[in-house]
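No lab work stands behind these numbers, since they all come straight from the coordinates. Just so you know, these numbers come straight off a predicted model, no measurement behind them. Cβ sites come from the backbone with ideal geometry, for glycine too, and all protein chains shown count toward neighbours.
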């Protein structure tokens with residue numbers, strides 16, 4: 001199973017309770033956005049090992065019996081990926097300890113593609129798959145890391161659009177809010193002209 005064949009994106013819920021779909025453009029960014037990419041508590045999607053297992057089941061179609069120690073290991077890699085993404089987006093040198101953590105996981109065996117029945121992957125294989133995806137993104141496409149154009153949004157995504165002109169983290173969220181603001185500004189402009 002290659003990370004390129006995995007679907008990306010996940011539902012988020014804003015502080016106001018509004019659900020919206022965010023496609024990060026990379027499975028390793030989806031992984032980072034289960035908690036580490038934001039400084040607000042609502043970004044944490046894995047309060048327990050069971051929630052982490054559910055996320056892996058949705059992405060990889062496997063059931064894990066994850067422990068609290070597994071959750072800690074996964075969150076350590078998640079934090080490293082998140083930190084490296086922020087560094088790359090900002091044009092800074094990547095944090096050495098984050099790079100070492102990502103490289104260590106990427107060096108492990110990942111989930112192998114197979115035609116027949118494949119054995120159940122381990123957490124280490126799943127983390128390796130995510131680390132390898134992060135390596136490719138950070139090494140080969142750092143210029144495609146973008147921040148949402150909405151002034152009140154800090155979300156970073158990998159612009160995987162063919163024309164490399166994606167503007168918003170989500171059209172459902174920031175793109176729509178921008179359209180509403182533009183419409184209100186046009187209406188206000190018309191009313192002042194009359």
Over region 3-193, what is the mean sequence separation of C-alpha contacts under 8 Å (at least six apart), divided by residue count, expressed as relative contact order in percent? 20
Output the peptides 58-65, 26-33 sorted from most to least packed, where packing is the average of other Cβ atoms within 10 Å over each peptide's residues. 26-33, 58-65
Per-peptide average of other Cβ atoms within 10 Å, ordering 87-99, 68-80 highest first: 68-80, 87-99
Give, in whole angstrom and from largest to smallest, the semi-axes √(5λ) of the equivalent ellipsoid of region 3-193, with λ running over the eigenvalues of the Cα gyration tensor. 33, 18, 16
Quick check: pseudo-label points 7 Å beyond the Cα along Cα→Cβ at residue 124 and residue 108, how many nm apart are they? 0.6
If R₀ is 22 angstrom, what is the calculated FRET efficiency for the pair residue 43 and residue 90, using the beta carbon separation as r and rounding to 0.05? 0.70
Could you line up 85, 136 from fewest to most neighbouring Cβ atoms inside 10 Å? 136, 85
